[in-house]
1. If you average the sequence gap of Cα pairs under 8 Å that are 6 or more apart and divide by the length of chain B, what percent do you get for the contact order?
2. Starting from the Cα of B:ILE110, step 7 Å along the direction of its Cβ; do the same at A:THR114; then give the gap between the two resulting points in nm.
3. Relative to 2.2 N^0.38 Å, what does the C-alpha radius of gyration of chain B come to as a ratio? Two decimals please.
4. Determine the sum of side-chain charges near B:ASN53: Lys and Arg each +1, Asp and Glu each -1, restricted to other residues whose C-beta is under 13 angstrom from that of B:ASN53.
5. According to a simple spin-label model (label point 7 Å from Cα along Cα-to-Cβ), what is the distance in nm between B:GLN45 and A:SER67?
6. Which entries in the list B:LYS52/B:LYS98; A:LYS71/B:LYS98; A:LYS65/A:LYS96; A:LYS17/A:LYS57; A:LYS69/B:LYS3 go over 20 Å, if you measure between the two C-alpha atoms of each?
7. Within the set of other residues whose C-beta is less than 10 Å from the C-beta of A:ILE77, count the net charge using Lys and Arg as +1 and Asp and Glu as -1.
8. If you find the alpha carbon centre of segment A:44-116 and of segment B:59-98, how far apart are they in angstrom?
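The values are calculated or read from the model by the stated rules, or taken from the named source; none is laboratory data. Note that the coordinates shown come from a computational prediction; the quantities given were computed from them, not determined experimentally. Cβ: placed from backbone, ideal geometry, glycine included. Neighbour counts: every protein chain shown. With ligands, DNA and RNA removed, areas are computed over all heavy atoms of the protein, side chains included. Shrake-Rupley method; radii C 1.70, N 1.55, O 1.52, S 1.80 Å.
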Amino acid sequence: EAQVTQNPRYLITVTGKKLTVTCSQNMNHEYMSWYRQDPGLGLRQIYYSMNVEVTDKGDVPEGYKVSRKEKRNFPLILESPSPNQTSLYFCASWGKGLADSSYEQYFGPGTRLTVT
Amino acid sequence: DAKTTQPTSMDCAEGRAANLPCNHSTISGNEYVYWYRQIHSQGPQYIIHGLKNNETNEMASLIITEDRKSSTLILPHATLRDTAVYYCIVRPLIRYDKVIFGPGTSLSVIP
């Protein structure tokens, strides 16, 4: 089954404590990205990656880092989380499904992060 | 800024067709129109996409105007489970770039 997985699904942490949200896809997609979603603001892209070792900023990259050392994984790193990073985060990959020929974006289930 | 504009919200009676409009007046020749929906706080789900021809799948139909400046997603027989936020985006099929989602349309299907 074509899948994008994220972990953890829920996380409560304190200001300044470094955290990593993992993302993995099983479709051999080159393109992956991270979004955050806040009430009334829709989905805003944080970072995206066009392939291994190739990443670029989206619309709201401040306070986040990413890495793409292998094609299937694209972790999101918050070096020093702050309360304004409390949000719902989605990882996504773009490409063809495992058994389908159409290009589409596959989203993970989301990670709800609370920073106190 | 998003390349698309959609109404903030819409209502539809259960069993009726839901027609969700999207304007994309600055769409480029190589950009496709994609529709996604998000139920509650789940990950957005792909619905359908098209370039210039009308498209239909098991979930919905997509009607794209001849000038490609707007499109309409049609859910032929809306059910309560279709209550969701619907996003219309435009993007190239292959070229990788920033993707911008607007706030979408919140569709409420009413019994």
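1. Averaging sequence separation for qualifying contacts and normalising by length gives 38 percent for chain B.
2. 3.5
3. Details: Rg = 13.3 Å, N = 111, 2.2 N^0.38 = 13.2 Å.
Normalised by 2.2 N^0.38 Å, the Cα Rg of chain B equals 1.01.
4. Details: positive: B:LYS52, B:ARG68; negative: B:GLU55, B:GLU66.
Taking every Cβ under 13 Å from that of B:ASN53, the sum is 0.
5. For A:SER67 paired with B:GLN45, the spin-label model returns 3.5 nm.
6. Result: B:LYS52/B:LYS98; A:LYS65/A:LYS96; A:LYS17/A:LYS57; A:LYS69/B:LYS3 exceed 20 Å.
7. Result for the neighbourhood of A:ILE77: +1.
8. 23
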